[in-house]
Amino acid sequence: MLRDGVEAKPPQRLFIPGPTDVLPAVMAAQVAPMIGHRSDAFESLFAKVQGQLRALFETDQRVYVVAASGSALHEASIRNAVGGRVINFVNGAFSLRWHEATVGCDKEAIRVDVAWNRAVTAPIVAEALAAALADGPVDAVTVVHNETSTGVISPIDEIAATVRRLSPETLVLVDAVSSFGGTRIPFDAWGLDVVLTSSQKALALPPGLAFCAVSDRVLARAAQLKGRGWYFDFLNLEKALQKSTTPSTPAISLMWALSAQLDRIFAETPAARYARHAYLADLTQRWALGHGFELAAEEGYRSPTVTNVANNLGIQVGALNKHLARLDMEISNGYGVFKDKAFRIAHMGEATEADMVRLFAAMDDYLAGATG
Ligand SMILES: *Cc1c(COP(=O)(O)O)cnc(C)c1O
(Lines give C-alpha, C1' and ligand atoms only; values in the text may rest on other atoms or scores of the structure.)
Protein backbone atom coordinates (compact mmCIF):
# COMPACT_ATOMS: atom_id res chain seq x y z
CA MET A 1 0.00 0.00 0.00
CA LEU A 2 1.54 3.30 -1.12
CA ARG A 3 0.79 6.38 0.89
CA ASP A 4 2.55 9.67 0.03
CA GLY A 5 5.18 7.62 -1.75
CA VAL A 6 6.05 5.78 1.45
CA GLU A 7 5.35 2.09 1.88
CA ALA A 8 2.85 1.99 4.77
CA LYS A 9 2.11 -1.51 5.85
CA PRO A 10 -1.04 -1.97 7.93
CA PRO A 11 -0.37 -3.57 11.29
CA GLN A 12 -0.81 -7.27 12.01
CA ARG A 13 -4.33 -8.15 13.07
CA LEU A 14 -5.32 -11.41 14.75
CA PHE A 15 -8.99 -12.26 14.39
CA ILE A 16 -8.46 -15.48 16.33
CA PRO A 17 -10.05 -16.05 19.75
CA GLY A 18 -6.85 -15.55 21.66
CA PRO A 19 -4.22 -14.46 21.96
CA THR A 20 -5.48 -11.11 20.72
CA ASP A 21 -3.45 -8.12 19.58
CA VAL A 22 -1.93 -6.09 22.41
CA LEU A 23 -1.63 -2.33 22.02
CA PRO A 24 1.98 -1.12 21.61
CA ALA A 25 1.76 1.07 24.75
CA VAL A 26 0.67 -1.96 26.79
CA MET A 27 3.47 -4.10 25.33
CA ALA A 28 5.92 -1.33 26.17
CA ALA A 29 4.73 -1.13 29.79
CA GLN A 30 6.32 -4.56 30.36
CA VAL A 31 9.86 -3.22 30.13
CA ALA A 32 9.59 -1.34 33.45
CA PRO A 33 12.34 -2.39 35.88
CA MET A 34 11.87 -5.30 38.27
CA ILE A 35 10.66 -4.61 41.79
CA GLY A 36 10.56 -6.98 44.74
CA HIS A 37 7.12 -8.44 45.41
CA ARG A 38 7.48 -7.68 49.14
CA SER A 39 8.22 -4.01 48.43
CA ASP A 40 5.98 -0.96 48.94
CA ALA A 41 6.15 -0.37 45.19
CA PHE A 42 4.63 -3.78 44.46
CA GLU A 43 2.03 -3.44 47.20
CA SER A 44 0.80 -0.20 45.74
CA LEU A 45 0.78 -1.61 42.18
CA PHE A 46 -1.17 -4.65 43.37
CA ALA A 47 -3.63 -2.54 45.39
CA LYS A 48 -4.24 -0.32 42.37
CA VAL A 49 -4.99 -3.20 39.99
CA GLN A 50 -7.07 -4.96 42.68
CA GLY A 51 -9.34 -1.90 42.93
CA GLN A 52 -9.69 -1.73 39.14
CA LEU A 53 -10.32 -5.48 38.81
CA ARG A 54 -13.06 -5.36 41.46
CA ALA A 55 -14.67 -2.50 39.57
CA LEU A 56 -14.50 -4.45 36.31
CA PHE A 57 -15.90 -7.65 37.87
CA GLU A 58 -18.46 -5.44 39.69
CA THR A 59 -17.68 -7.05 43.04
CA ASP A 60 -17.00 -5.90 46.60
CA GLN A 61 -15.51 -9.32 47.29
CA ARG A 62 -12.08 -10.19 45.80
CA VAL A 63 -10.18 -10.94 42.59
CA TYR A 64 -7.13 -13.22 42.66
CA VAL A 65 -4.38 -12.70 40.11
CA VAL A 66 -2.20 -15.71 39.32
CA ALA A 67 0.73 -16.35 36.98
CA ALA A 68 -0.87 -19.05 34.85
CA SER A 69 -3.23 -19.41 31.91
CA GLY A 70 -6.97 -19.58 32.57
CA SER A 71 -7.17 -23.38 32.49
CA ALA A 72 -5.26 -23.45 35.80
CA LEU A 73 -8.28 -21.85 37.44
CA HIS A 74 -10.59 -24.62 36.19
CA GLU A 75 -8.59 -26.85 38.47
CA ALA A 76 -8.23 -24.30 41.29
CA SER A 77 -11.93 -23.59 41.50
CA ILE A 78 -12.76 -27.31 41.67
CA ARG A 79 -10.19 -27.94 44.41
CA ASN A 80 -11.48 -25.01 46.49
CA ALA A 81 -15.22 -25.38 45.97
CA VAL A 82 -15.96 -29.09 45.62
CA GLY A 83 -15.70 -31.87 48.17
CA GLY A 84 -18.55 -34.09 47.01
CA ARG A 85 -20.43 -33.91 43.75
CA VAL A 86 -20.32 -31.35 40.96
CA ILE A 87 -22.28 -30.99 37.72
CA ASN A 88 -20.22 -30.07 34.63
CA PHE A 89 -22.34 -28.69 31.79
CA VAL A 90 -20.59 -29.51 28.50
CA ASN A 91 -21.53 -27.66 25.31
CA GLY A 92 -18.11 -27.26 23.70
CA ALA A 93 -14.39 -27.91 23.94
CA PHE A 94 -13.65 -25.70 26.93
CA SER A 95 -16.53 -26.93 29.08
CA LEU A 96 -15.31 -30.44 28.22
CA ARG A 97 -11.83 -29.44 29.41
CA TRP A 98 -13.32 -28.28 32.74
CA HIS A 99 -15.03 -31.67 33.09
CA GLU A 100 -11.71 -33.42 32.43
CA ALA A 101 -10.01 -31.21 35.04
CA THR A 102 -12.77 -32.12 37.52
CA VAL A 103 -12.24 -35.83 36.91
CA GLY A 104 -8.49 -35.23 37.12
CA CYS A 105 -9.00 -33.76 40.61
CA ASP A 106 -10.73 -37.03 41.52
CA LYS A 107 -14.13 -35.42 42.19
CA GLU A 108 -17.48 -37.03 41.56
CA ALA A 109 -18.36 -35.28 38.29
CA ILE A 110 -21.81 -35.49 36.74
CA ARG A 111 -21.43 -34.64 33.05
CA VAL A 112 -24.46 -33.09 31.35
CA ASP A 113 -24.05 -32.80 27.58
CA VAL A 114 -25.72 -30.09 25.54
CA ALA A 115 -25.41 -29.90 21.73
CA TRP A 116 -22.29 -28.01 20.64
CA ASN A 117 -24.13 -25.20 18.91
CA ARG A 118 -26.57 -24.59 21.75
CA ALA A 119 -26.53 -22.64 25.00
CA VAL A 120 -26.74 -24.01 28.52
CA THR A 121 -30.06 -22.51 29.62
CA ALA A 122 -31.86 -22.21 32.95
CA PRO A 123 -34.37 -25.02 32.15
CA ILE A 124 -31.50 -27.37 31.23
CA VAL A 125 -29.75 -26.53 34.51
CA ALA A 126 -32.96 -26.86 36.52
CA GLU A 127 -33.67 -30.32 35.15
CA ALA A 128 -30.14 -31.65 35.68
CA LEU A 129 -29.79 -30.13 39.14
CA ALA A 130 -33.18 -31.42 40.34
CA ALA A 131 -32.28 -34.93 39.14
CA ALA A 132 -28.89 -34.83 40.87
CA LEU A 133 -30.33 -33.42 44.12
CA ALA A 134 -32.59 -36.48 44.36
CA ASP A 135 -29.41 -38.46 45.20
CA GLY A 136 -27.93 -35.94 47.65
CA PRO A 137 -26.29 -32.52 47.77
CA VAL A 138 -24.46 -30.96 44.83
CA ASP A 139 -21.48 -28.81 45.82
CA ALA A 140 -21.20 -26.82 42.60
CA VAL A 141 -22.06 -26.48 38.93
CA THR A 142 -19.57 -25.46 36.23
CA VAL A 143 -20.64 -23.51 33.15
CA VAL A 144 -18.63 -21.87 30.38
CA HIS A 145 -20.14 -18.44 29.75
CA ASN A 146 -18.86 -18.04 26.20
CA GLU A 147 -17.95 -21.28 24.44
CA THR A 148 -15.13 -20.12 22.22
CA SER A 149 -15.20 -23.37 20.27
CA THR A 150 -18.78 -22.78 19.07
CA GLY A 151 -19.48 -19.05 19.43
CA VAL A 152 -22.33 -19.65 21.90
CA ILE A 153 -22.95 -17.50 24.98
CA SER A 154 -25.06 -18.88 27.83
CA PRO A 155 -27.32 -16.84 30.16
CA ILE A 156 -25.27 -16.98 33.36
CA ASP A 157 -27.61 -14.65 35.29
CA GLU A 158 -30.62 -16.92 34.72
CA ILE A 159 -28.57 -20.03 35.45
CA ALA A 160 -27.29 -18.60 38.76
CA ALA A 161 -30.81 -17.54 39.83
CA THR A 162 -32.09 -21.05 39.06
CA VAL A 163 -29.33 -22.73 41.06
CA ARG A 164 -29.96 -20.41 44.03
CA ARG A 165 -33.68 -21.17 43.97
CA LEU A 166 -33.28 -24.96 43.79
CA SER A 167 -30.20 -25.42 45.97
CA PRO A 168 -28.87 -22.40 47.90
CA GLU A 169 -25.67 -24.21 48.97
CA THR A 170 -24.65 -25.17 45.40
CA LEU A 171 -21.88 -22.87 44.18
CA VAL A 172 -21.95 -21.39 40.68
CA LEU A 173 -18.55 -21.59 38.95
CA VAL A 174 -18.19 -19.75 35.65
CA ASP A 175 -15.48 -19.77 32.96
CA ALA A 176 -15.61 -16.33 31.34
CA VAL A 177 -12.24 -16.65 29.59
CA SER A 178 -13.41 -15.34 26.22
CA SER A 179 -16.19 -13.02 27.43
CA PHE A 180 -14.78 -11.12 30.40
CA GLY A 181 -13.77 -7.65 29.29
CA GLY A 182 -15.98 -7.95 26.20
CA THR A 183 -19.38 -8.12 27.86
CA ARG A 184 -20.75 -7.15 31.26
CA ILE A 185 -20.54 -9.75 34.05
CA PRO A 186 -21.74 -8.17 37.32
CA PHE A 187 -20.37 -10.75 39.75
CA ASP A 188 -22.17 -9.64 42.93
CA ALA A 189 -25.50 -8.69 41.33
CA TRP A 190 -25.74 -12.05 39.57
CA GLY A 191 -24.78 -13.94 42.74
CA LEU A 192 -21.86 -15.81 41.17
CA ASP A 193 -19.25 -17.72 43.18
CA VAL A 194 -16.27 -17.99 40.84
CA VAL A 195 -15.74 -16.15 37.56
CA LEU A 196 -12.39 -17.04 36.04
CA THR A 197 -10.68 -15.54 33.01
CA SER A 198 -7.36 -15.26 31.13
CA SER A 199 -5.35 -12.19 30.18
CA GLN A 200 -4.98 -12.90 26.45
CA LYS A 201 -8.55 -12.75 25.15
CA ALA A 202 -11.03 -9.86 25.46
CA LEU A 203 -8.75 -8.15 28.00
CA ALA A 204 -6.12 -7.84 25.22
CA LEU A 205 -3.07 -8.51 27.37
CA PRO A 206 -0.17 -10.87 26.68
CA PRO A 207 -0.84 -14.45 27.84
CA GLY A 208 0.40 -15.53 31.27
CA LEU A 209 -2.00 -14.07 33.82
CA ALA A 210 -5.31 -15.49 35.01
CA PHE A 211 -7.90 -13.77 37.19
CA CYS A 212 -10.81 -15.01 39.26
CA ALA A 213 -13.43 -13.26 41.30
CA VAL A 214 -14.24 -15.45 44.31
CA SER A 215 -17.21 -15.19 46.70
CA ASP A 216 -17.13 -15.35 50.50
CA ARG A 217 -19.20 -18.54 50.16
CA VAL A 218 -16.35 -20.24 48.27
CA LEU A 219 -13.82 -19.29 50.96
CA ALA A 220 -16.13 -20.74 53.63
CA ARG A 221 -16.36 -23.95 51.59
CA ALA A 222 -12.60 -24.08 50.97
CA ALA A 223 -11.94 -23.90 54.71
CA GLN A 224 -13.75 -27.25 55.08
CA LEU A 225 -11.93 -29.02 52.23
CA LYS A 226 -8.73 -31.01 52.06
CA GLY A 227 -6.57 -31.33 48.96
CA ARG A 228 -6.56 -27.67 47.98
CA GLY A 229 -2.85 -27.88 47.17
CA TRP A 230 -0.72 -24.79 47.71
CA TYR A 231 -0.18 -22.65 44.59
CA PHE A 232 -3.90 -22.28 43.89
CA ASP A 233 -5.20 -22.58 47.47
CA PHE A 234 -7.71 -19.72 47.70
CA LEU A 235 -7.07 -19.35 51.46
CA ASN A 236 -3.37 -18.86 50.71
CA LEU A 237 -4.15 -16.34 47.99
CA GLU A 238 -6.56 -14.57 50.37
CA LYS A 239 -3.96 -14.28 53.13
CA ALA A 240 -1.48 -12.71 50.71
CA LEU A 241 -4.13 -10.44 49.21
CA GLN A 242 -4.83 -9.01 52.66
CA LYS A 243 -1.21 -7.81 52.58
CA SER A 244 -1.60 -6.61 48.98
CA THR A 245 0.74 -9.22 47.55
CA THR A 246 0.81 -12.77 46.16
CA PRO A 247 1.91 -15.98 47.95
CA SER A 248 4.69 -16.68 45.41
CA THR A 249 6.59 -14.55 42.90
CA PRO A 250 4.13 -12.76 40.61
CA ALA A 251 4.72 -12.15 36.88
CA ILE A 252 5.83 -8.60 37.51
CA SER A 253 6.30 -7.53 33.87
CA LEU A 254 2.81 -8.74 33.05
CA MET A 255 1.47 -6.85 36.09
CA TRP A 256 2.84 -3.61 34.61
CA ALA A 257 1.06 -4.39 31.35
CA LEU A 258 -2.12 -5.19 33.30
CA SER A 259 -1.98 -1.88 35.10
CA ALA A 260 -1.56 0.04 31.82
CA GLN A 261 -4.34 -1.87 30.08
CA LEU A 262 -6.78 -1.42 32.98
CA ASP A 263 -6.18 2.33 32.76
CA ARG A 264 -7.04 2.16 29.07
CA ILE A 265 -10.15 0.06 29.68
CA PHE A 266 -11.47 2.58 32.20
CA ALA A 267 -10.55 5.48 29.90
CA GLU A 268 -12.63 3.87 27.13
CA THR A 269 -15.18 2.95 29.87
CA PRO A 270 -16.35 -0.63 30.33
CA ALA A 271 -19.81 0.29 28.98
CA ALA A 272 -18.33 1.62 25.72
CA ARG A 273 -16.10 -1.44 25.46
CA TYR A 274 -19.08 -3.80 25.80
CA ALA A 275 -21.07 -1.76 23.26
CA ARG A 276 -18.12 -1.90 20.83
CA HIS A 277 -17.96 -5.69 21.12
CA ALA A 278 -21.73 -6.03 20.53
CA TYR A 279 -21.48 -3.74 17.50
CA LEU A 280 -18.56 -5.66 15.95
CA ALA A 281 -20.42 -8.95 16.52
CA ASP A 282 -23.41 -7.50 14.72
CA LEU A 283 -21.23 -6.33 11.80
CA THR A 284 -19.65 -9.77 11.53
CA GLN A 285 -22.98 -11.60 11.62
CA ARG A 286 -24.30 -9.29 8.90
CA TRP A 287 -21.22 -9.85 6.76
CA ALA A 288 -21.67 -13.63 7.04
CA LEU A 289 -25.40 -13.65 6.36
CA GLY A 290 -24.99 -11.12 3.55
CA HIS A 291 -22.66 -13.55 1.76
CA GLY A 292 -25.00 -16.52 2.07
CA PHE A 293 -23.29 -18.12 5.04
CA GLU A 294 -25.23 -19.41 8.02
CA LEU A 295 -24.33 -18.84 11.64
CA ALA A 296 -23.40 -21.98 13.54
CA ALA A 297 -24.54 -20.81 16.98
CA GLU A 298 -28.14 -21.00 18.10
CA GLU A 299 -30.06 -17.77 17.50
CA GLY A 300 -30.46 -15.63 20.61
CA TYR A 301 -27.21 -16.97 22.11
CA ARG A 302 -24.61 -15.66 19.66
CA SER A 303 -21.35 -14.56 21.18
CA PRO A 304 -20.41 -10.87 21.33
CA THR A 305 -16.69 -11.74 21.08
CA VAL A 306 -16.39 -14.55 18.50
CA THR A 307 -18.62 -15.46 15.56
CA ASN A 308 -18.76 -19.04 14.35
CA VAL A 309 -19.67 -18.98 10.66
CA ALA A 310 -21.07 -22.22 9.23
CA ASN A 311 -19.20 -23.08 6.03
CA ASN A 312 -22.35 -24.04 4.14
CA LEU A 313 -20.78 -22.59 0.95
CA GLY A 314 -17.90 -25.06 1.26
CA ILE A 315 -15.06 -22.55 0.89
CA GLN A 316 -11.49 -23.66 1.60
CA VAL A 317 -10.81 -22.20 5.03
CA GLY A 318 -7.08 -23.00 4.83
CA ALA A 319 -6.73 -21.20 1.49
CA LEU A 320 -8.71 -18.22 2.81
CA ASN A 321 -6.34 -18.00 5.75
CA LYS A 322 -3.31 -18.17 3.41
CA HIS A 323 -4.76 -15.23 1.50
CA LEU A 324 -5.30 -13.33 4.76
CA ALA A 325 -1.79 -14.18 5.99
CA ARG A 326 -0.32 -12.28 3.04
CA LEU A 327 -2.08 -9.22 4.47
CA ASP A 328 -0.94 -10.02 8.03
CA MET A 329 -4.39 -11.06 9.14
CA GLU A 330 -5.65 -14.37 10.49
CA ILE A 331 -8.99 -15.98 11.36
CA SER A 332 -9.60 -19.39 12.96
CA ASN A 333 -10.76 -22.61 11.43
CA GLY A 334 -13.70 -24.39 13.07
CA TYR A 335 -12.78 -26.17 16.29
CA GLY A 336 -12.43 -29.96 16.43
CA VAL A 337 -15.36 -31.57 14.63
CA PHE A 338 -16.18 -28.18 13.04
CA LYS A 339 -12.81 -28.02 11.24
CA ASP A 340 -13.49 -26.83 7.63
CA LYS A 341 -17.24 -27.07 8.39
CA ALA A 342 -17.13 -23.66 10.08
CA PHE A 343 -14.70 -20.82 10.62
CA ARG A 344 -14.44 -18.40 13.50
CA ILE A 345 -13.91 -14.68 13.39
CA ALA A 346 -12.98 -13.16 16.74
CA HIS A 347 -13.84 -9.50 17.33
CA MET A 348 -12.55 -9.11 20.84
CA GLY A 349 -10.05 -7.07 22.78
CA GLU A 350 -8.97 -3.93 20.96
CA ALA A 351 -10.59 -4.74 17.59
CA THR A 352 -12.17 -1.73 15.88
CA GLU A 353 -14.69 -1.22 13.11
CA ALA A 354 -11.82 -0.25 10.77
CA ASP A 355 -10.11 -3.58 11.51
CA MET A 356 -13.29 -5.49 10.67
CA VAL A 357 -13.82 -3.49 7.46
CA ARG A 358 -10.28 -4.32 6.35
CA LEU A 359 -10.82 -8.01 7.13
CA PHE A 360 -14.18 -8.14 5.32
CA ALA A 361 -12.65 -6.44 2.25
CA ALA A 362 -9.87 -9.03 2.15
CA MET A 363 -12.36 -11.89 2.56
CA ASP A 364 -14.56 -10.38 -0.17
CA ASP A 365 -11.54 -10.36 -2.50
CA TYR A 366 -10.82 -13.98 -1.72
CA LEU A 367 -14.43 -15.04 -2.25
CA ALA A 368 -14.69 -13.13 -5.54
CA GLY A 369 -11.56 -14.94 -6.79
CA ALA A 370 -12.58 -18.32 -5.42
CA THR A 371 -16.06 -18.30 -6.92
CA GLY A 372 -15.00 -16.75 -10.22
C1 LIG B 1 -9.11 -19.96 25.75
C2 LIG B 1 -10.13 -20.53 26.66
C3 LIG B 1 -9.78 -21.33 27.74
C4 LIG B 1 -8.35 -21.72 28.01
O5 LIG B 1 -7.66 -20.60 28.46
P6 LIG B 1 -6.07 -20.67 28.62
O7 LIG B 1 -5.77 -19.27 29.11
O8 LIG B 1 -5.52 -20.99 27.27
O9 LIG B 1 -5.77 -21.71 29.62
C10 LIG B 1 -10.76 -21.77 28.59
N11 LIG B 1 -12.04 -21.47 28.38
C12 LIG B 1 -12.44 -20.72 27.32
C13 LIG B 1 -13.87 -20.42 27.15
C14 LIG B 1 -11.49 -20.23 26.43
O15 LIG B 1 -11.87 -19.48 25.40
Problem - Summed side-chain charge close to Phe360 - residues other than Phe360 whose Cβ falls under 11 Å, Lys, Arg +1, Asp, Glu -1 - result: -2
Practice task
Enumerate the calculated ³J(HN,Hα) couplings along segment 321-334 in order (Karplus 6.51 cos²θ - 1.76 cosθ + 1.60, θ = phi - 60°), each rounded to whole Hz, writing x wherever the residue is Gly or Pro.
Solution key: 5, 5, 4, 5, 4, 5, 9, 6, 10, 8, 10, 10, 5, x
Handout entry: Prolate/oblate/rounded label for segment 24-265 (Cα gyration tensor, a/c 1.5)
Key = prolate
Exercise for the section: For Lys9, list the lysines whose Cα falls under 20 Å from its own Cα; do not include residues on the same chain fewer than 8 positions away. Expected result: Lys322
Completion exercise
Taking Cα atoms, the helix 122-133 axis meets the longest principal axis of the chain at an angle in degrees (rounded to 10) of 30
Completion exercise
Percent antiparallel among DSSP beta bridges confined to the chain, rounded to 5, stands at 55
Handout entry: Mean accessible surface per residue for segment 282-372, computed with a 1.4 Å probe while every protein chain stays in place, in Å²
Key = 46
Problem - Cα lying deepest toward the dipole's positive end in the chain, options Pro168, Phe89, Ala25, charges on Cβ - result: Ala25
Fill in the blank from the handout: The set of residues whose placed amide H lies less than 5 Å from the amide H of Arg85, leaving out same-chain residues fewer than 5 positions away, is Asp139
Practice task
Let me have the 222 nm mean residue ellipticity of the chain computed from DSSP H runs of 4+ only, each contributing -39500 (n - 2.57), with the sum over all residues rounded to the nearest 500.
Solution key: -13000 deg cm²/dmol
Fill in the blank from the handout: Restricting to Cα pairs under 8 Å and 6 or more apart, the percent relative contact order of the chain works out to 23
Completion exercise
Note to self: with every protein chain in place and a 1.4 Å probe, segment 24-265 gives an accessible area per residue in Å² of 36
Fill in the blank from the handout: The summed charge of the Pro19 Cβ neighbourhood (under 13 Å; Lys/Arg +1, Asp/Glu -1) stands at -1
Handout entry: Cα long-axis angle, helix 93-104 against the chain (0 to 90 degrees, to the nearest 10)
Key = 30
Problem - Surface share of carbon and sulfur [accessible, 1.4 angstrom probe, percent] for segment 279-344 - result: 51
Completion exercise
Ranked by GNM mean-square fluctuation in the chain (Cα springs under 10 Å), the top entry among Ala202, Ala272, Ala119 is Ala272
Problem - Carbon/sulfur fraction of accessible area - segment 24-265, other protein chains in place, 1.4 Å, % - result: 56
Handout entry: Shape category assigned to segment 166-255 from the gyration tensor of Cα positions, a/c cut at 1.5
Key = oblate
Practice task
Taking the chain as the reference, fit the longest principal axis to its C-alpha atoms, fit the long axis of helix 252-268 to the helix C-alpha atoms, and give the angle between the two in degrees, 0 to 90, nearest 10.
Solution key: 70
Completion exercise
For Lys107, the lysines lying under 16 Å Cα to Cα, once residues fewer than eight places off in the same chain are dropped, come out as Lys226
Fill in the blank from the handout: Note on segment 305-351: alpha-carbon gyration tensor, axes a ≥ b ≥ c; rule is a/c under 1.5 for rounded, else prolate if a/b larger than b/c, else oblate; result oblate
Handout entry: lysines with Cα under 18 Å of Lys243, excluding same-chain neighbours fewer than 8 positions away
Key = Lys48
Fill in the blank from the handout: Between the alpha carbon centres of segment 96-121 and segment 266-311 the gap in Å comes to 26
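The values are calculated or read from the model by the stated rules, or taken from the named source; none is laboratory data. None of these values were measured; they are calculated from a predicted model. Heads up, the Cβs are rebuilt from the backbone with ideal geometry, glycines too, and the neighbour counts pull from every protein chain shown. Only protein heavy atoms, including side chains, enter the accessible area calculation; ligands, DNA and RNA are left aside. Shrake-Rupley method; radii C 1.70, N 1.55, O 1.52, S 1.80 Å.
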